[in-house]
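Data first, discussion second: the structure below is written as structure tokens.
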Amino acid sequence: MENLRVALGARAYPIHIGPGIIGAAELYAPHLGGGGVAVVTNEVVAPLYAEKVKRALDKAGGQVTQVVVKDGEDSKSWQTLNRVFDALLKARLGRDGLVVALGGGVVGDLAGFAAAIYQRGVPFLQVPTTLLAQVDSSVGGKTAINHALGKNMIGAFHQPLAVISDVSTLDTLPDRELRSGLAEVIKHGFALDASFVEWLERNIDLLLKRDAAALTHAVRKSCELKARVVAADEREAGERALLNFGHTFGHAIETGAGYGAWLHGEAVGAGMVMAAELSALMGDLKKTDVSRLRELLGRAGLPVRLSSQGTALAPERLIELMAVDKKAAKGRTRFVLLESVGRAALRSDVDERLVRQAIVAAAQ
């Protein structure tokens, strides 16, 4: 098992990464406060891993309640959030209780947001079971549900007590979900670390084959990069926004196509191509580097064109949806663009005509 630490002072926490650790009672025991435990999971993950987690919690001394929600992005809603609250209240979970998010990014976002506002905030653990959640959404304390007008628009910053990432859970992940997670891995490289991009270009085939050593390295490196940024800018006042490379376009694709039509990583993959094309149009990025991104995403089996998923969204519609992006400031949409491979920057001086051209270029 490998261990990292997110350095946030009093809110610092460990990230545990390795195979076969999901049932390790000693990883849960330090975080039990005596007020009961609620394991929030979904209908796909529960049959696979819920009993292992509950046995570990029982062994560590926790009184466990299980809450199972539907799989998919639609669960990030007020209705499902209220279902979670109903279960917590029926179990009489106190402020010294613990919420455990067992599942992918949807479960982590939903359960984390529930923990953030239930009784004005209770502790929670992230136990991510998808690659996307292990490399990205479980780390950093962003929690949220969706709104009809935008993804992740209702939420809070609420850091977990720990992240327990068992890479063995990736063995049961559908191929499409694995590829979706690889989009966030690729994002970390292109936004923050050129040498990691080179490693990915050499090892993408091993990752697709679920090689345990390659997956462990990819998860660890992604978490290292994200933890460094989060420690410097916990609430996204500046540098942390760079982690959203591809997300301004990607969230617009998800919202416009309807939640669930595109997996998050698929939309981010196409969004990164649009952002890279825009970077080139702004004169910052070489066209050869745009091609390099397209090639790596293609090798990972990710869509690089808006039409890849049968989605027909006009540039004007995407621009309209991006206007409600959370990075917007003073009425202007801000974009995370690339100055070079491994070096992203936040820009607000973007001509809308260039945005439209980038969307069209990314469709070709």
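Pull up region 287-304, narrow it to residues that are free of Cβ contacts under 8 Å to residues at least 24 places away in the same chain and not hydroxyl-bearing (S, T, Y), then point me to the one that is surrounded by the most Cβ atoms within 10 Å (Cβ to Cβ). Out of the qualifying residues, it is V290. Restricting attention to region 305-337 and to residues that are surrounded by fewer than 19 Cβ atoms within 10 Å (Cβ to Cβ) and hydrophobic (A, V, I, L, M, F, W, C), the residue that is modelled with the highest pLDDT turns out to be I319. The set of residues in region 9-30 that are modelled with pLDDT under 95 and surrounded by 15 or more Cβ atoms within 10 Å (Cβ to Cβ) comprises G18, P19.
Of the residues A212, A162, the single one that is small (G, A, S) and in the same structural domain as T248 (by TED's automatic domain parsing) is A212.
Just to be sure, is G62 more than 30 Å from A261 (Cα to Cα), exposed (fewer than 15 other Cβ atoms within 10 Å of the Cβ) and not acidic (D, E)? Steps first, please.
Details: more than 30 Å from A261 (Cα to Cα): yes; exposed (fewer than 15 other Cβ atoms within 10 Å of the Cβ): no; not acidic (D, E): yes.
So G62 fails the test.
If you go through region 247-289 and pick out every residue that is outside any helix (DSSP H, G or I), among the small types (G, A, S) and on the phi < 0 side of the Ramachandran plot, you end up with 1. Exactly one residue among E224, E198 is closer than 22 Å to G104 by Cα and either modelled with pLDDT of 95 or more or surrounded by fewer than 24 Cβ atoms within 10 Å (Cβ to Cβ) (or both), and that residue is E224.
Here is a list: G250, G246, G260, G271. Which entry is surrounded by fewer than 22 Cβ atoms within 10 Å (Cβ to Cβ), in the same structural domain as R334 (by TED's automatic domain parsing) and in contact with a Gly (Cβ under 6 Å, 6 or more places away or on another chain)?
Numbers: G250 fails: surrounded by fewer than 22 Cβ atoms within 10 Å (Cβ to Cβ); G246 fails: surrounded by fewer than 22 Cβ atoms within 10 Å (Cβ to Cβ); G271 fails: surrounded by fewer than 22 Cβ atoms within 10 Å (Cβ to Cβ).
From the options G250, G246, G260, G271, the qualifying one is G260.
Scan region 156-168 and give yes if some residue there is out of contact with any strand residue (DSSP E or B) (no Cβ under 8 Å at 6 or more places or on another chain), surrounded by 24 or more Cβ atoms within 10 Å (Cβ to Cβ) and either of a type in the set (D, E) or assigned to a helix (DSSP H, G or I) (or both), otherwise no. Among the residues of region 156-168, not one is out of contact with any strand residue (DSSP E or B) (no Cβ under 8 Å at 6 or more places or on another chain), surrounded by 24 or more Cβ atoms within 10 Å (Cβ to Cβ) and either of a type in the set (D, E) or assigned to a helix (DSSP H, G or I) (or both), which makes the answer no.
Going by what's in this entry, would E320 be described as farther than 26 Å from E236 by Cα and part of a helix (DSSP H, G or I)? No.
Given the criteria touching a residue at least 60 places away in the same chain (Cβ under 8 Å) and closer than 14 Å to D136 by Cα, does L242 qualify? Yes.
Is it true that G342 is of a type in the set (G, A, S) and in contact with a Leu (Cβ under 9 Å, 6 or more places away or on another chain)? Before the answer, list the steps.
Values: of a type in the set (G, A, S): yes; in contact with a Leu (Cβ under 9 Å, 6 or more places away or on another chain): yes.
Here the answer is yes, as G342 does meet what is asked.
Tell me which residues, restricted to region 222-240, are among the charged types (D, E, K, R), out of contact with any helix residue (DSSP H, G or I) (no Cβ under 6 Å at 6 or more places or on another chain) and either within 22 Å of D175 (Cβ to Cβ) or outside any loop (DSSP other than H, G, I, E, B) (or both).
Residues of region 222-240 among the charged types (D, E, K, R): 224, 226, 228, 233-236, 239-240.
Narrowing the set further to residues that are out of contact with any helix residue (DSSP H, G or I) (no Cβ under 6 Å at 6 or more places or on another chain) leaves 224, 226, 228, 234-236.
Answer for region 222-240, where residues must be among the charged types (D, E, K, R), out of contact with any helix residue (DSSP H, G or I) (no Cβ under 6 Å at 6 or more places or on another chain) and either within 22 Å of D175 (Cβ to Cβ) or outside any loop (DSSP other than H, G, I, E, B) (or both): E224, K226, R228.
Within region 338-364, track down each residue that is assigned to a loop (DSSP other than H, G, I, E, B), at pLDDT 85 or above and exposed (fewer than 14 other Cβ atoms within 10 Å of the Cβ). Talk me through it step by step, then tell me what you get.
Going residue by residue through region 338-364, those that are assigned to a loop (DSSP other than H, G, I, E, B) are 341-342, 348-351, 363-364.
Among the residues that remain, those that are also at pLDDT 85 or above are: 341-342, 348-351.
Selection gives S348, D349, D351.
The values are calculated or read from the model by the stated rules, or taken from the named source; none is laboratory data. Given the structure is predicted, the values throughout are model-derived calculations rather than measurements. Neighbour counts are summed over all protein chains in view; Cβ atoms, including those assigned to glycine, are modelled from backbone coordinates with ideal geometry.
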